[in-house]
Structures are given as C-alpha cells and as structure tokens.
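Visitor: I have a structure here, written as structure tokens, and I will follow up with some questions on it.
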Amino acid sequence: MNPTTLSVTPSRSSYDVVIVGGAMFGSSVAWFLANNPDFDGSVLVVERDPSYEFTSTAHTNSCMRQQFSREINVRVSQFAAEFVKNFREFMGNDSRVPKLLLHSFGYMYLADNEEFANVLRESQKIQKACGAATKIMTAEEIKRDYPFYNVDDIVAGSHNLVDEGYFDGNTLFDWWRRSAREKGAEYVTNEVVAMTRNKAGTRVESVTLKSGEVIGCGTVVNASGPRAVLTSRMAGIEIPVEPRKRYTFIFAAERPLDRDLPLTIDPSGVHMRTDGTYYLAGCPPDDDPAVDYDDFEQDFSLWENKAWPAIANRVPRFEAIKLVNSWVGHYAYNTLDQNAILGRHTTVENFVFVNGFSGHGFQQSPAMGRGTAELITYGEYRSLDLTPFNYERIERNEPFSEKAII
Ligand SMILES: Cc1cc2nc3c(=O)[nH]c(=O)nc-3n(C[C@H](O)[C@H](O)[C@H](O)COP(=O)(O)OP(=O)(O)OC[C@H]3O[C@@H](n4cnc5c(N)ncnc54)[C@H](O)[C@@H]3O)c2cc1C
C-alpha cells in the first residue's frame with residue numbers, strides 16, 4: 001500500500017468501530033470484521049505512521065510454534081498454522097493472493113537442569129493432547145539429529161518439526177490491510193490523541209484526532225502495540241503494558257551448518273535460528289526496563305558479551321561468525337503475565353483490548369483478530385474461547401502465566 005494514498009481526514013463523522021493502530025493487530029481485527037458477512041458496520045483504522053518504521057510488526061522475527069505451556073496458546077498457534085497454510089482459501093480464493101511460506105525448522109528448547117526439563121515435559125503433555133508433534137529428546141538424541149550442538153550441559157530438549165518455524169507474516173499483514181480496505185474498512189494517517197466518555201464513564205463516545213476532528217465511535221479497539229497504555233489512559237484505563245527492547249542480530253558463519261538450525265532457545269536466554277543463508281540470534285538485555293517509546297538505540301556490547309559467546313558455546317562451528325545486520329524492536333510487554341490482554345473493559349464497556357502480546361503476537365494475530373471481530377459482532381467468542389485472556393484478570397491481578405516465553 002502506498003502511504004501517500006491514505007487520507008488524513010476520515011470521510012465520516014462517526015463509525016461503528018474505531019481501531020487505534022493499523023499494524024498487525026489493527027489490520028487483523030479490521031480484516032476479520034470486514035470479511036464477516038454478519039458484520040455490516042463501518043470501520044475506521046487510525047494509524048499515526050503508515051511507514052510502520054518503529055512498530056513491533058516491522059521488527060518481528062515472524063516465527064510460530066506449538067510449544068506453549070497453556071492449551072489455549074497452543075490452539076491459538078494451531079490456527080495460525082492453518083491460516084498460513086490455507087491463506088488463499090481464507091482470503092476468499094482471491095487469485096492475486098500468494099501462497100505463504102511456512103519454513104518448519106522447528107523450535108528446540110534446551111534445558112540444562114532437571115527443573116526446567118520437567119517444565120518442558122509437562123508442557124509437552126499439554127501440546128501432545130492438542131495434537132502437536134512435540135517430542136522430548138535426550139542429549140544423545142539431540143546430538144544424533146543435530147551433531148553440531150554442544151550438549152555437554154544439556155539434560156533434555158523439546159522439539160517439534162511440524163508447523164513450527166518462520167512464516168511470511170509480513171505478506172499476511174500486507175494482504176489483511178489491502179483486503180480490509182477493499183472490503184470497506186477506512187484507513188487514515190492520523191493519531192488518536194484523546195477520547196471523551198459519557199457522563200457515567202461507561203462508554204467512549206468519541207476519539208479526537210491530532211488534526212482536530214472529533215469522531216464518534218460505537219466501539220473503540222486498542223491496537224496500539226507498545227503504546228497501548230497511552231491509548232488506554234485516554235479512556236481512563238491503566239494496563240500493565242510497557243515497551244521493552246529486544247535485540248536481533250543477523251550473522252554469517254564461515255562454516256555454515258549442513259542442515260537447518262532449529263530456533264534454539266539456549267539456557268543462557270539467547271535464541272538463534274536459520275535465516276536463509278544467514279543465521280538470526282536474539283536476546284533481551286540483562287537489565288530489562290521499560291524504555292522510551294522512541295529509544296531504538298543498538299547495544300553492540302550485548303552481541304560481544306552475551307549473544308556471541310552463547311552462540312559459540314552451543315554451536316562450536318559458530319566460533320568464526322560475522323555480524324551482517326542488526327536491529328532493535330519493542331515488545332509490548334505485559335508485565336503481569338506476558339500473555340495477551342483481550343476483550344472488553346469491565347466498566348468502559350465499548351473499549352476493547354488487543355494488547356500485551358510480548359514476543360508471540362505475530363503468530364497470535366489470526367486467532368486473536370478473528371476472536372475480537374467475533375466479540376464485536378456477536379458479543380461472544382465463537383471459534384475459540386479466548387476468555388482466559390480477558391481484561392478482567394488484570395483488574396483482579398490474577399496472572400494467566402505462560403511458561404514458554406522468549
Ligand atoms: C524483536 C521482535 C521479535 C519478535 N518475534 C516474534 C516472533 O518470532 N513470533 C511472534 O509471534 N511474534 C513476535 N514478535 C511480536 C510481534 O511482532 C508483535 O506482537 C506484533 O507485531 C504486535 O503488533 P501490534 O499491531 O500489536 O503492534 P505494532 O506493530 O507496534 O503496531 C501498533 C500500531 O499502533 C500505532 N499507534 C500507536 N498509538 C497510536 C495512536 N494514538 N494513534 C494512531 N496510531 C497509533 C503505531 O504507529 C503502530 O503502527 C516479535 C516482536 C519483536 C519486537
């Protein structure tokens with residue numbers, strides 16, 4: 001989509017649904033609404049920066065996995081795999097829509113102690129019950145299938161080669177945006193800067209745009225990524241979401257591996273995987289505070305002192321590697337439990353959340369977008385019960401924790 005074709009000014013003065021943020025989640029919700037014959041309302045998507053330069057969406061590693069500790073997260077990712085593998089069919093057999101790549105090199109969680117090995121074993125049972133192909137491997141089995149790993153300190157690994165790996169989420173995003181617009185959702189380049197509520201404080205009546213227009217709304221959807229808390233505050237709501245820096249490094253190996261490197265989650269906290277002819281590694285900083293919304297400064301000491309040593313230890317062939325690219329992105333980090341926050345607010349009843357996805361939002365966007373569209377259209381989730389993610393738990397301060405967080 002050419003950003004210059006987007007208008008600043010909405011064509012109407014009120015919409016049934018106003019979505020604040022038009023990246024992966026804003027576009028997912030917009031598409032699932034616009035594509036649903038039972039939804040006949042109007043949709044406005046307000047996006048402050050249609051280049052998406054500083055979004056989580058533009059910095060993602062775009063991988064999916066079945067390896068979660070919560071059944072609902074497994075099911076959410078299973079829908080992602082189904083959606084990606086049958087993308088054209090989901091997009092109405094539109095012949096312009098390409099086949100999406102899903103490169104299933106698998107994830108490999110490595111445990112260097114019995115306690116974490118037991119976490120992997122428990123999670124594997126949950127995944128298996130959902131039909132996932134995850135296997136617990138001994139160090140010897142890992143070495144047999146992937147001789148390049150150093151497994152000297154490894155107690156067990158958890159691995160799955162079905163529907164786990166890289167997928168072309170950016171093409172999916174492009175098509176959701178394009179198709180949502182073709183089906184009537186209106187995108188504008190503008191910023192929501194304020195909201196008004198009714199006297200009782202139970203509804204958002206309008207959003208105010210940076211350009212001054214006041215736009216009435218039936219429902220307002222917070223799809224503002226790491227800025228979600230700023231958008232919530234406009235409606236007088238606090239949520240535990242903050243921007244946290246995540247570092248990605250692309251490297252070339254002097255002696256490349258003879259097979260794909262699974263997305264390996266090393267006990268050090270560094271992860272790495274195959275990335276075409278290169279390799280990708282990522283990690284959080286040791287000290288992991290909330291950062292400024294505009295802070296994308298790189299920290300190469302993290303590469304030198306944390307990522308590289310961990311990589312060379314786990315895969316000794318990677319002693320000779322060269323950094324070829326790197327970037328810093330922001331997670332919309334849910335400090336309560338690193339899980340999604342969905343559903344309606346308890347008192348501001350037309351305020352809907354799609355927030356706090358931390359590091360696994362790309363793969364959750366099909367199921368969460370579909371569920372949110374169902375909630376808006378029917379007043380309930382229909383395809384998959386997403387109520388465990390509902391906002392109520394935030395108010396009750398009851399974490400819905402996920403153990404498999406990267
Ligand atoms: C380094 C990194 C690696 C990741 N790897 C993976 C992975 O491998 N697999 C996976 O599943 N997930 C991954 N994720 C997570 C995933 O990328 C995110 O969960 C997802 O992109 C979030 O999309 P979003 O639309 O919620 O947020 P964003 O992409 O940040 O979009 C929010 C949008 O809202 C707009 N906005 C904000 N406030 C306003 C306002 N007031 N008015 C108008 N517009 C506004 C912003 O401009 C922005 O475009 C990763 C994330 C990062 C940072």
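Visitor: Scan the stretch 331-352 residue by residue and report those that are closer than 13 Å to GLY236 by Cβ and either outside any loop (DSSP other than H, G, I, E, B) or under 17 Å from the mean Cα position of the chain (by Cα) (or both).
Guide: Result: PHE351, single match.
Visitor: Sticking with this one: Does the stretch 1-19 contain any residue that is among the small types (Gly, Ala, Ser) and either near the ligand (Cβ under 9 Å from one of its atoms) or crowded, with 19+ Cβ neighbours inside 10 Å (or both)?
Guide: no
Visitor: May I pose another question? Please go through the stretch 109-132 and give me each residue that is of a type in the set (Gly, Ala, Ser) and surrounded by 15 or more Cβ atoms within 10 Å (Cβ to Cβ), ordered by number.
Guide: ALA111, ALA117, SER123, ALA132 - these are the residues of the stretch 109-132 that are of a type in the set (Gly, Ala, Ser) and surrounded by 15 or more Cβ atoms within 10 Å (Cβ to Cβ).
Visitor: So, in the stretch 218-238, how many residues would count as being buried (at least 23 other Cβ atoms within 10 Å of the Cβ) and more than 8 Å from the ligand (Cβ to nearest atom)?
Guide: Of the residues in that region, 4 qualify.
Visitor: Further, regarding this structure: Looking at (1) under 11 Å from the mean Cα position of the chain (by Cα); (2) open to solvent by 10 Å² or more (accessible area, probe 1.4 Å); (3) within 21 Å of ILE19 (Cβ to Cβ), find the lone condition where MET368 falls short.
Guide: Failing condition for MET368: (2).
Visitor: Moving on to the next point. The conditions are (1) open to solvent by 50 Å² or more (accessible area, probe 1.4 Å); (2) within 16 Å of the ligand (Cβ to nearest atom), and ASP152 fails exactly one of them. Which is it?
Guide: Tallying (1) open to solvent by 50 Å² or more (accessible area, probe 1.4 Å); (2) within 16 Å of the ligand (Cβ to nearest atom), ASP152 fails exactly one: (2).
Visitor: Identify, by number, the condition in (1) open to solvent by 60 Å² or more (accessible area, probe 1.4 Å); (2) more than 30 Å from PRO284 (Cβ to Cβ) that ARG255 doesn't meet.
Guide: Every listed condition holds for ARG255 apart from (2).
Visitor: Is it true that THR248 is hydroxyl-bearing (Ser, Thr, Tyr) and under 17 Å from GLY276 (Cβ atoms)?
Guide: Answer is yes for this residue.
Visitor: Still on this structure, please answer the following. Taking the residues in the stretch 272-290 that are away from the ligand (no atom under 12 Å from the Cβ) and assigned to a loop (DSSP other than H, G, I, E, B) as candidates, determine which candidate is surrounded by the fewest Cβ atoms within 10 Å (Cβ to Cβ).
Guide: ASP287
Visitor: Something else now. Could you check GLY41 against (1) among the small types (Gly, Ala, Ser); (2) over 21 Å from ARG203 (Cα atoms); (3) more than 14 Å from the ligand (Cβ to nearest atom) and say which number it fails?
Guide: (2)
Visitor: So, of the residues in the stretch 63-101 that are more than 19 Å from ASN339 (Cβ to Cβ) and among the β-branched types (Val, Ile, Thr), which turns out to be nearest to the ligand (Cβ to nearest atom)?
Guide: Filtering the stretch 63-101 for residues that are more than 19 Å from ASN339 (Cβ to Cβ) and among the β-branched types (Val, Ile, Thr), the one nearest to the ligand (Cβ to nearest atom) comes out as VAL84.
Visitor: Among residues belonging to the stretch 35-49 that are open to solvent by less than 40 Å² (accessible area, probe 1.4 Å) and not polar (S, T, N, Q), point out the one that is nearest to LEU375 (Cα to Cα).
Guide: Ranking the candidates gives PHE39 first.
Visitor: Is one or more of the residues making up the stretch 324-337 more than 13 Å from the ligand (Cβ to nearest atom) and among the β-branched types (Val, Ile, Thr)?
Guide: Checked the stretch 324-337: at least one residue is more than 13 Å from the ligand (Cβ to nearest atom) and among the β-branched types (Val, Ile, Thr).
Visitor: Ok, one more. Just name the residue that is nearest to SER206 (Cα to Cα) out of those in the stretch 50-62 that are open to solvent by 20 Å² or more (accessible area, probe 1.4 Å) and near the ligand (Cβ under 6 Å from one of its atoms).
Guide: Filtering the stretch 50-62 for residues that are open to solvent by 20 Å² or more (accessible area, probe 1.4 Å) and near the ligand (Cβ under 6 Å from one of its atoms), the one nearest to SER206 (Cα to Cα) comes out as THR55.
Visitor: When the residues of the stretch 286-320 are narrowed to those that are modelled with pLDDT of 95 or more and touching a helix residue (DSSP H, G or I) at 6+ places or on another chain (Cβ under 7 Å), which ends up farthest from ALA252 (Cα to Cα)?
Guide: Filtering the stretch 286-320 for residues that are modelled with pLDDT of 95 or more and touching a helix residue (DSSP H, G or I) at 6+ places or on another chain (Cβ under 7 Å), the one farthest from ALA252 (Cα to Cα) comes out as TYR293.
The values are calculated or read from the model by the stated rules, or taken from the named source; none is laboratory data. Treat the numbers as computed from the prediction; the structure is a model and nothing was measured. Please note: Cβ atoms are built from the backbone with ideal geometry, for glycine as well, and neighbour counts cover all protein chains shown. The accessibility values were calculated without ligands, DNA or RNA, using every heavy atom of the protein model including side chains. Shrake-Rupley method; radii C 1.70, N 1.55, O 1.52, S 1.80 Å.
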